[in-house]
1. Could you give the size of the charge dipole of the chain about its Cα centre, using +1 on the Cβ of each K and R and -1 on the Cβ of each D and E, expressed in debye and rounded to the nearest 20?
2. For the chain, divide the Cα radius of gyration by the Kirkwood radius and give the resulting Rg/Rh value with two decimals.
3. Could you give me D for segment 353-420, from Stokes-Einstein at 10 °C and 1.306 mPa s, where the hydrodynamic radius is the Kirkwood radius over C-alpha pairs? Units µm² s⁻¹, please.
4. According to the Cα gyration tensor, what semi-axes, each the square root of 5 times an eigenvalue, does the equivalent ellipsoid of segment 289-415 have, listed from largest to smallest in whole Å?
5. For a quick check: with amide H placed at 1.01 Å from N, whose amide H comes under 5 Å from K282's, ignoring anything fewer than 5 positions away on the same chain?
6. Lys/Arg Cβ at +1, Asp/Glu Cβ at -1, dipole of the chain taken about the Cα centre: which of P183, I41, V329 is farthest positive-ward?
7. Tabulate in residue order the Karplus-calculated ³J(HN,Hα) for segment 168-173, using 6.51 cos²θ - 1.76 cosθ + 1.60 with θ = phi - 60°, rounded to whole Hz; enter x for Gly and Pro.
8. Two decimals is fine: what is log10 I(q)/I(0) at q = 0.13, 0.25, 0.32 Å⁻¹ for segment 460-509, from a Debye sum with one equal scatterer on every Cα and no solvent?
Amino acid sequence: MGGSEIMSDYILEMRNIRKEFFGGKIVANDDINLKIRQGEIHAIVGENGAGKSTLMKILNGLYDLTSGEIFYKGKKVDIATPTIAAHLGIGMVYQHFMLVETLTVAENMVLGFEPKKAGIFFDLDRARKKVKEVSERYGLNIDPDAKVGDLSVGIQQRVEILKILFKGAELLVFDEPSAVLTPQEVIELYGIMRNLIKEGKTIIFITHKLQEVLDLSDNITVIRRGKDVGELKTSEATKETIANMMVGRQVLFNIKKEEVKIGDTLVKVENLRAKNDLGIEKVKGISFEIREGEVFGIAGVEGNGQTELIEVLAGLRKALSGSYTIDGVSAVNKSPKFIRHNGLAHIPEDRHKRATIDEFTVKENLILGVLDPYVNCGILNQSKIDSKVNEYIKTFDIRPTDPNVIYGGLSGGNQQKVVVARELEKENKFIIAAQPTRGVDIGAIEMIHNTILHERTKGKAILVVSAELSEIMALSDRIGVMYSGEIIGVLNREDATIEKLGILMAGGKIQWIKK
């Protein structure tokens with residue numbers, strides 16, 4: 001730590017930062033330059049895998065840099081560990097919190113450097129007093145005696161913020177800070193961040209939500225494929241200009257939602273119950289119906305039973321009780337093969353775990369699990385496979401266009417296109433689209449959304465489960481909200497607002513909402 005000193009208008013400069021993994025086979029950061037002004041909120045945006053989090057982990061001492069220089073408050077610094085970063089005044093609030101849930105807020109604050117009374121005993125009163133002072137100063141409103149495990153996700157995030165302020169952070173880094181929050185908690189987070197700026201702090205935040213960038217930041221740095229491709233003043237930016245820089249081409253924000261005649265009930269779920277892998281009940285008596293030509297969206301903070309529900313519907317998890325039918329045929333506790341043959345198409349939330357094999361080619365992944373149309377007397381018809389695969393590649397704009405390239409080498413957006421092409425082009429009646437655009441570039445999002453809505457015009461029943469409220473609201477005809485394993489309210493799309501959905505996502509109630 002320490003080194004030469006320079007005159008600068010910036011609290012932080014990261015110059016020509018390069019980070020290589022596996023002996024240079026992967027370059028996560030390719031000579032990136034970043035300049036942060038004192039007292040600003042600076043957004044770093046880019047597609048998944050662009051190198052944003054890697055850059056911030058270098059700043060926080062979690063990764064060593066391969067080459068480049070870091071200047072903090074005008075001095076060249078060597079940030080070899082998170083402890084050094086903390087001593088400099090740099091703190092990071094991670095997307096996945098680093099708290100001990102069995103301890104109180106005050107105990108979490110002082111963990112590792114507990115204040116002593118008479119040089120021997122843990123001085124809890126002193127810790128509580130300090131926590132209360134810092135909490136009140138920054139408008140965090142946290143009870144120092146509350147057990148962390150009993151707090152909501154939004155309050156736990158405040159504890160993380162409090163923890164780095166407690167250590168004297170002046171430059172705060174937030175990694176996807178709103179990813180696990182309800183809309184109301186997001187608004188409260190905005191207020192906290194602005195309070196921090198008023199108190200003289202500086203903030204960097206990583207996000208993929210363009211409206212969040214426009215609402216909150218002063219300046220924006222865009223990273224694409226490991227390189228910084230420009231800095232923008234937020235006052236001069238639009239969603240379109242940011243998106244175009246992120247993906248390197250023009251992006252249109254057009255979703256074609258046609259009028260569709262809603263038909264009869266095609267999917268019916270009644271009183272479905274299921275446990276997770278730890279034996280804890282996560283699906284608690286869920287009921288809903290989806291009609292022909294209808295998109296039923298399920299919103300909610302992740303971890304409220306959505307994953308277990310999807311797995312039961314796909315035949316990947318046993319239900320404890322309840323019923324589930326597709327076009328009148330029982331599918332509860334049937335095999336995945338039976339359910340697929342009965343009309344299910346499944347875009348899973350984790351494509352690597354549930355949908356594809358990275359080491360296989362694009363062609364092999366496009367026919368994975370759907371070989372029946374290509375088999376004649378036990379022999380694969382290669383010309384028929386090649387014809388269909390090339391059709392998929394053209395229709396869904398899968399890049400590169402070579403069907404024999406290894407799937408794992410594709411970008412996230414093109415990997416997801418492979419899954420969408422395979423699942424939606426086969427015979428189906430019921431489509432489950434779980435987090436359909438997670439880890440996908442903005443250009444591919446538009447294509448995937450329009451493809452799902454096109455399937456709606458064919459009279460399919462479609463279930464969309466997403467943590468992105470904007471996605472749920474763009475695609476759905478009706479929206480159910482999951483909280484603690486239950487659907488606690490269902491709204492028609494025309495009645496749904498961010499505020500109403502947010503109340504339900506937090507476990508609140510709106511009197512007139514039907515269940």
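1. On the way: 69 positive and 71 negative charges, 101 e Å.
With only Lys, Arg, Asp and Glu charged at Cβ, the dipole is about 480 debye.
2. Using Cα coordinates only, the ratio equals 1.00.
3. Values: Rh = 12.2 Å.
It diffuses with D of about 131 µm²/s by this estimate.
4. Working: eigenvalues 177, 75, 38 Å².
Output for segment 289-415: semi-axes of 30, 19, 14 Å.
5. A274, K275, N276
6. Most positive-ward Cα: V329.
7. Working through the residues one at a time gives x, 5, 10, 10, 10, 10 Hz.
8. Log-scaled intensity ratios, in q order: -0.26, -0.99, -1.50.
The values are calculated or read from the model by the stated rules, or taken from the named source; none is laboratory data. All of these numbers come straight from a predicted model, not from anything done at the bench. A quick note on method: Cβ atoms are made from the backbone with ideal geometry, for glycine too, and the neighbour counts reach across all protein chains shown. Accessible surface areas use protein heavy atoms only, side chains included; no ligands, DNA or RNA. Shrake-Rupley method; radii C 1.70, N 1.55, O 1.52, S 1.80 Å.
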